[in-house]
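Notes for the one structure printed next.
The values are calculated or read from the model by the stated rules, or taken from the named source; none is laboratory data. If you're wondering where the values come from, they're calculated on a predicted model, not measured in any experiment. Methodologically, a virtual Cβ is constructed for each residue, glycine included, from the backbone with ideal geometry; neighbour enumeration extends over all protein chains shown. We work out accessible area using only protein heavy atoms, side chains counted, and drop any ligands, DNA or RNA first. Shrake-Rupley method; radii C 1.70, N 1.55, O 1.52, S 1.80 Å.
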Amino acid sequence: MSGLVTRAALRLSRNFDFGGRDLAHWFPGHMAKGLKKMQASLKKVDCLIEVHDARIPLSGRNPVFKETLGVRPHLLVLNKMDIADLTNKQRVLKELDEQGIRNVLFTDCLRDKDVHVKKIVPIVTDLIQKSDRYHRTENVEYCLMVIGVPNVGKSSLINAMRRMYLRKGKASRVGGAPGITRAVLTKIQVCDRPMIYLLDTPGVMSPHIESVEVGLKLALCGTILDHLVGEETIADYLLFTLNKHQKFHYVEHYQLGEPCDDLQTVLKKIAVKLGKTQKIKALTGVGDVKVLMPNYSAAAYDFIRMFRKGELGKVMLD
């Protein structure tokens with residue numbers, strides 16, 4: 001198996017054709033409205049917690065946050081570390097430091113009693129105590145605002161902190177698709193010593209995605225609704241990415257035999273393996289013949305879903 005994989009890997013394409021792909025800007029009305037309300041509520045906020053996907057720590061973070069909300073202490077929480085390849089973690093931290101982002105924490109908010117989540121309260125308490133709270137100096141309660149692009153784990157972070165510090169269950173709805181949290185600025189208690197409240201906010205995408213490649217990274221991680229990009233386009237970029245990083249778990253997971261850089265071939269094999277096929281009539285010279293056709297859309301959906309669940313190995317897209 002390993003010999004076949006090695007030989008096949010040498011034949012794989014090293015380039016991805018980004019040409020001719022047009023990613024629609026995704027900035028629905030509730031996002032623009034949410035950003036305005038977040039700006040208006042800054043006077044009540046002591047610290048910002050920005051949550052982002054650890055697989056794309058350098059890509060797709062909304063620059064609007066820095067421009068409009070960057071007047072408060074800031075902690076960047078890179079969530080989903082359990083499915084990110086952190087081999088080059090120090091390189092990522094160095095690049096973030098060069099951007100002026102020095103308070104960074106990797107977390108896995110879906111894991112019970114995640115030791116990294118436990119560090120959040122001490123970090124933000126220290127940041128707040130070192131900052132000028134202006135008119136909030138005498139207020140013993142701390143108010144944090146949780147911000148980020150869609151579907152990176154903001155609600156999961158809030159629920160994890162409530163589990164850890166208050167022994168309470170979910171306060172924020174969690175989902176695997178962008179746009180689950182739509183209510184703006186829901187105030188939620190997450191700790192009583194010290195008394196800390198979080199303002200949960202809806203995910204806000206940048207009104208302009210900087211490049212097609214960044215857009216595809218965001219789509220692959222589920223921060224853009226799949227149908228806006230197209231599942232087969234996302235699956236094509238996923239296949240290229242896995243091969244580029246020599247992450248060949250997909251070969252074993254789907255029993256493909258060897259790596260391949262042709263999406264249609266891979267999706268056909270996935271569809272057959274999953275039983276996602278259908279018989280259709282085909283007109284031939286000898287009459288109607290029933291042909292087994294693979295469901296490429298269903299195969300693409302499963303391929304993407306397995307990646308997002310971490311079933312195809314840990315990956316760093318940046």
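Scanning the stretch 200-212 for residues that are open to solvent by 10 Å² or more (accessible area, probe 1.4 Å) and among the polar types (S, T, N, Q) yields 206, 211. Count of the stretch 227-254 residues, restricted to those that are within 14 Å of residue 296 (Cβ to Cβ) and open to solvent by 10 Å² or more (accessible area, probe 1.4 Å), is 5.
I'm told residue 278 meets every condition in (1) open to solvent by less than 40 Å² (accessible area, probe 1.4 Å); (2) more than 27 Å from the chain's Cα centre (by Cα); (3) not charged (D, E, K, R) except one. Can you identify the failing condition by its number? So residue 278 meets the others, but not (1).
Which of the residues spanning the stretch 106-136 are open to solvent by 90 Å² or more (accessible area, probe 1.4 Å), over 19 Å from the mean Cα position of the chain (by Cα) and not hydrophobic (A, V, I, L, M, F, W, C)? Please lay out each step first, then the result.
Residues of the stretch 106-136 open to solvent by 90 Å² or more (accessible area, probe 1.4 Å): 110-113, 115, 118-119, 129-130, 132, 134-135.
Applying the additional criterion that residues be over 19 Å from the mean Cα position of the chain (by Cα) yields 112-113, 115, 118-119, 129-130, 132, 134-135.
The answer is 112, 113, 118, 119, 129, 130, 132, 134, 135.
Taking the numbered list (1) over 15 Å from the mean Cα position of the chain (by Cα); (2) farther than 30 Å from residue 43 by Cα in turn, residue 221 passes all entries but (1).
Does any residue of the stretch 142-161 turn out to be part of a loop (DSSP other than H, G, I, E, B), open to solvent by 30 Å² or more (accessible area, probe 1.4 Å) and among the β-branched types (Val, Ile, Thr)? No, that holds for no residue.
Summed over the stretch 291-311, residues that are β-branched (Val, Ile, Thr) and out of contact with any strand residue (DSSP E or B) (no Cβ under 6 Å at 6 or more places or on another chain) total 1. The condition (being open to solvent by 20 Å² or more (accessible area, probe 1.4 Å), of a type outside the set (Asp, Glu) and either in contact with a Phe, Trp or Tyr (Cβ under 8 Å, 6 or more places away or on another chain) or under 22 Å from residue 54 (Cβ atoms) (or both)) is satisfied by just one residue among 215, 310, 257: 310.
Scanning the stretch 38-88 for residues that are acidic (Asp, Glu), surrounded by fewer than 22 Cβ atoms within 10 Å (Cβ to Cβ) and touching a residue at least 12 places away in the same chain (Cβ under 8 Å) yields 82, 85.
Here is the figure for the stretch 222-256: residues that are in contact with a helix residue (DSSP H, G or I) (Cβ under 7 Å, 6 or more places away or on another chain) and in a loop (DSSP other than H, G, I, E, B) total 7.
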